Amino acid sequence: MSETPLLVIKNLHASVDGKPILRGLDLTVNRGEIHALMGPNGSGKSTLSNVICGHPNYEVTEGEIHFMGQNITEMEPDERAKLGIFLAFQYPTSIPGVTLANFLLASVKAIRGADNVKLLPFRKELVAQMQELGINQDFAKRYVNEGFSGGEKKRCEILQMAMLKPALAILDETDSGLDIDALRIVSEGVNRLTTPEMGVLVITHYQRLLNHIKPHKVHVLVHGRIVQSGGPEIALQLEENGYDELLKAHGLEPAGV
């Protein structure tokens, strides 16, 4: 494990349209670690993922984000992606007119450098990864997410992760809308791709995903700050008791109230 943490977030405050969402969040992820971030609706989970990736609609008003020892707080999204940050979206969007194969080829070239990507090895790698994830090869010729089911979209998100080989993978409620079989396949794909040099941040509402992707640490985000951190047992407690007891312990109202 590297001496320098992969991701360090210090006292992060962020807002959307002038509305504060994150209110002093601290988080450290080391290489080789899987962290799960849980919390009720409106707590700021997806905001955090977007802020880490540099979404322009989210304004950092205080604090810093460091990635591989470098301050990336003011970096553009494409610069962060080239450093090795990947986000699997909760609701992947369609890209009409662009085939999945061409999209992945352009993405890989942007990350690795066009001169470092040869077409034949790329195609072989793509076919192998699609087979591993149970994705029909005909999907490579289809427009990105156009007419895909929820499970197919999520598998294609993990396919992007497989091809891009990020240093940090953020999975924003990847389990949303998945049936049991799709959840298992997506989870197996994540587990297969996770390496000792990579960090993973899994954002989820439910324990069921963590039955497949085993986190080293679990954090509970409420009203824009992490109020509890610990081992996988925290997720089991939340599954059994919900968030109300935890909120009351911190003198907080349910998120969104």
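The values are calculated or read from the model by the stated rules, or taken from the named source; none is laboratory data. As the structure is a computational prediction, the values presented were derived from the model and not from experiment. With ideal geometry, Cβ positions are generated from the backbone for all residues, glycine too; neighbour counts draw on all protein chains shown.
Annotations for the structure displayed:
- Residue count, segment 92-111 (criterion: closer than 20 Å to residue 47 by Cα and either free of Cβ contacts under 8 Å to residues at least 60 places away in the same chain or buried (at least 19 other Cβ atoms within 10 Å of the Cβ) (or both)): 1
- Matching residues, segment 1-44, being within 15 Å of residue 219 (Cα to Cα) and β-branched (Val, Ile, Thr): 8, 9, 28, 29, 34
- Scanning segment 125-153 for residues that are hydrophobic (A, V, I, L, M, F, W, C) and surrounded by 15 or more Cβ atoms within 10 Å (Cβ to Cβ) gives 126, 130, 133, 135, 139, 140, 144, 148.
- If you go through segment 31-46 and keep only what is in a loop (DSSP other than H, G, I, E, B) and in contact with a Leu (Cβ under 6 Å, 6 or more places away or on another chain), you end up with 31, 39, 43, 44.
- For segment 47-83, the set of residues classified as touching a residue at least 40 places away in the same chain (Cβ under 8 Å) and either surrounded by fewer than 17 Cβ atoms within 10 Å (Cβ to Cβ) or part of a loop (DSSP other than H, G, I, E, B) (or both) consists of 57, 59, 60, 61, 62, 64, 68, 69, 83, listed by residue number.
- Candidate set: segment 209-234, residues that are part of a strand (DSSP E or B) and of a type in the set (A, V, I, L, M, F, W, C); chosen: the one farthest from residue 172 (Cα to Cα): 227
- Selection from segment 192-242 of residues that are surrounded by fewer than 17 Cβ atoms within 10 Å (Cβ to Cβ), under 18 Å from residue 28 (Cα atoms) and small (Gly, Ala, Ser): 229, 230, 231
- Among the residues of segment 124-140, those that are at pLDDT 95 or above and more than 22 Å from residue 94 (Cα to Cα) comprise 124, 125, 128.
- Test: residue in segment 132-150 that is in contact with a Leu (Cβ under 7 Å, 6 or more places away or on another chain) and closer than 30 Å to residue 43 by Cα: yes
- In summary, residue 119 fulfils each of the numbered conditions (1) within 24 Å of residue 137 (Cβ to Cβ); (2) surrounded by 14 or more Cβ atoms within 10 Å (Cβ to Cβ); (3) more than 19 Å from the chain's Cα centre (by Cα) with the single exception of condition (2).
- Enumeration of residues in segment 199-257 that are of a type in the set (Lys, Arg), at pLDDT below 85 and closer than 26 Å to residue 165 by Cα: 208
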